Amino acid sequence: MYNDILGYIYLSIQSASALMSVTAPITLSARNLIRRFGQREVIHGISLELRHGEVLGLLGHNGAGKSTTLQMLTGALLPHAGEIEICGFDLIRQPEKAKAQIGFLPETPPLYREMSVNDFLIFTAKLHRIPRAQIPDALTETKHRCGLQDSGKKIIGTLSKGYQQRVGIAQAIIHQPAVIILDEPTVGLDPAQIRDIRTLIRELGNMHSVILSTHLLSEVEHICDRVEIMHHGRLIYGSSSTKMQQYGNQSGFIVTLFAPPALSELQAIAGVQQVDPLSTTQFRILHATHTNPSAALLALAAQHGWQAEQLVPLQTRLEDVFMQITQDEKL
Amino acid sequence: MTLTIALKEFRSLFAIPSTWLIVGALQFIFAWFFLARLDAFLQVQSQLAQLANAPGATLAVAAPVLGTVALILMMLIPIFTMRSIAEERRNQTLTLLMSAPVSNIHIVIGKFIGLMLFLLLIIISCLVMVLTLAAGTQLDTGLLITNALGLILLAASYTALGLYISSLTAQPVVAAIGALAIFFGLWLVEISAVDNDKPWRALAPTSHFQSFNIGLLNSTDLIFFLLFCITFLLLTIRRLHNNRIYS
């Protein structure tokens, strides 16, 4: 019963997000971006699309071209070929209108170390053409969101790395851009700060579109709706992060029964393909992707007094998937 | 938008202590020159009074002092312009401007105006010092105005060149040394050609300042300064554009 409800909730969430991702307007689209450094082509025709309210994770090894791609999306670098459109404005033909819709936090937060937090944020607000009258409100609001309420008068150079990162994020969101682009936002932070910033990014994802690059897989698992994997300047895999966790994965679960029946009895349950005893009480049960025998098994367990203790779905860690995908590409 | 960047540039100059130190030391040096010049003038004043068409205080004191100011500005401007783009590039704050909805023109003109505001402050403080002569004598306002205009134009062209050098590198020190070397080169062109009036003397901004210094408002000089500024500002804008393509 309980499982059914959970399953139902899970399904409805899935369909809701699927529905949203179809109807939400596209805020950023990039087509066939090519970028060369000298003679060497480093980005080979990347295409990306981002919808409103979506958090997209750009995943890749160091040197895969993540930062270069993000810099092109913000107009800091010009692509050698390809088109970028932000909220309907072409980044190359109407740079000022398009850039007004972007908030960008580069790898190194672009902070003027000698300025105070307030002065700096006011400067960036003006730079992004927020009307003068709205600046105080935007400032208070942004500082509140980034947990900088008490740091307004401090000089940026004296702040800790974590707070500097927050100022960097504040700078990217003060003008309420439609697209927020964050390049490795949690690098070099301590675990508590990482958690705070992830929560913040998740919140931002509800109202804006967010692209973040990272090489941390757990980050993608926690905050992204969608993943694109980059390898040697190409996007080699793109999917939702839940789907990605199922990549190359045999569906199944590990069940703990304190009074287990004979193996053949478990084998007999409809939908079960294979049963491997892991210990005297633990069994790994593999099944086809669409028929999940867990409910039937639990019902039987209750009926026959097998003392079911735990049922854990098998989940490939994102890390394994990532390694697998990038390995595949090399071959 | 240009103004926002200009004001930020202006304020950030005052955020570093060395600026205050330099401005203070500069005032001291100017005052020293001014007083030394004034002292010399007072000693020969009685002899000058016997001449038929004797030079007044403005020509004998103010003009040479402002000529010295021009020379010192040549050495100082690289120190102020070196940071403007090179340091932004080194600290990776240039990305902020590059990804903001402002064009390269806004960025360069904004920085130029910010630096000019600061240099105007220095120039005005010198002029105020020279104006104290008015307490004791009649001043030649025409000569003072051409001198002030000359100084401003000279500072503007040095700033434009300094800004361009700063946009070429990511190291402020390299930008300062590079700009200083070029300024000195231009100055040497002028003083080496002062005897025999060589045509390439016209390349040096200092030679064009000379006519302002003696109270001559020559349209050739005005055009030279304007072209000099515009050329290097355009080169800087172009350099920032290339930055988006090549770096």
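Points to keep in mind about this one:
- Candidate set from region A:134-167 (those that are assigned to a loop (DSSP other than H, G, I, E, B) and of a type in the set (Lys, Arg)); member that is nearest to A:GLY188 (Cα to Cα): A:LYS154
Quick grid of which residues meet (1) without any contact (Cβ under 8 Å) to a residue 60 or more places away in the chain; (2) under 27 Å from the mean Cα position of the chain (by Cα); (3) more than 14 Å from chain B (Cβ to nearest Cβ):
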{"site": "A:GLU96", "(1), (2), (3)": "yes, no, no"}
{"site": "A:ALA138", "(1), (2), (3)": "yes, yes, yes"}
{"site": "A:SER151", "(1), (2), (3)": "yes, no, yes"}
{"site": "A:SER160", "(1), (2), (3)": "yes, yes, yes"}
{"site": "A:ALA178", "(1), (2), (3)": "no, yes, no"}
{"site": "A:PRO185", "(1), (2), (3)": "no, yes, yes"}
{"site": "A:ALA192", "(1), (2), (3)": "yes, yes, yes"}
{"site": "A:ILE201", "(1), (2), (3)": "no, yes, yes"}
{"site": "A:MET207", "(1), (2), (3)": "no, yes, yes"}
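- Cβ separations smaller than 6 Å between residues 6+ apart or across chains give the following pairs from region B:75-91 residues that are away from chain A (no Cβ under 14 Å) to residues that are buried (at least 24 other Cβ atoms within 10 Å of the Cβ) and among the aromatic types (Phe, Trp, Tyr): B:ILE77/B:TYR158.
- Among the residues of region A:126-136, the ones that are in contact with a Lys or Arg (Cβ under 9 Å, 6 or more places away or on another chain) and more than 9 Å from chain B (Cβ to nearest Cβ) come to 2 in all.
- Per-region count, region A:105-124, residues assigned to a helix (DSSP H, G or I) and either assigned by TED's automatic domain parsing to the domain that holds A:VAL187 or polar (S, T, N, Q) (or both): 2
Conditions (1) more than 14 Å from every other protein chain (Cβ to nearest Cβ); (2) buried (at least 19 other Cβ atoms within 10 Å of the Cβ), marked per residue:
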residue	(1), (2)
B:ALA6	no, yes
B:GLU9	no, yes
B:SER18	no, no
B:LEU21	yes, no
B:ALA25	yes, no
B:ALA31	yes, no
B:ALA36	yes, no
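- Set side by side, the residues A:SER209, A:SER160 differ, and just one is at negative phi, among the polar types (S, T, N, Q), crowded, with 22+ Cβ neighbours inside 10 Å and modelled with pLDDT of 85 or more, which is A:SER209.
- With respect to the conditions (1) under 17 Å from A:LEU50 (Cβ atoms); (2) modelled with pLDDT of 85 or more, A:GLY238 lacks only one, and its number is (2).
- When B:LEU203, B:LEU226, B:LEU233, B:LEU216 are checked against the criterion of being surrounded by 18 or more Cβ atoms within 10 Å (Cβ to Cβ) and either more than 14 Å from chain A (Cβ to nearest Cβ) or at pLDDT below 85 (or both), a single residue qualifies: B:LEU233.
- Residue count for region A:99-120, restricted to those that are of a type in the set (A, V, I, L, M) and at the interface with chain B (Cβ under 8 Å from one of its Cβ atoms): 4
- Candidates B:ILE122, B:ILE109, B:ILE105, B:ILE145 - the one that is surrounded by fewer than 24 Cβ atoms within 10 Å (Cβ to Cβ), within 17 Å of B:LEU235 (Cα to Cα) and away from chain A (no Cβ under 14 Å): B:ILE109
- Conditions (1) without any contact (Cβ under 8 Å) to a residue 40 or more places away in the chain; (2) crowded, with 20+ Cβ neighbours inside 10 Å: number failed by A:LEU216: (2)
The values are calculated or read from the model by the stated rules, or taken from the named source; none is laboratory data. Treat the numbers as computed from the prediction; the structure is a model and nothing was measured. Every residue, glycine among them, receives a Cβ derived from its backbone with ideal geometry; neighbour counts consider all protein chains shown.
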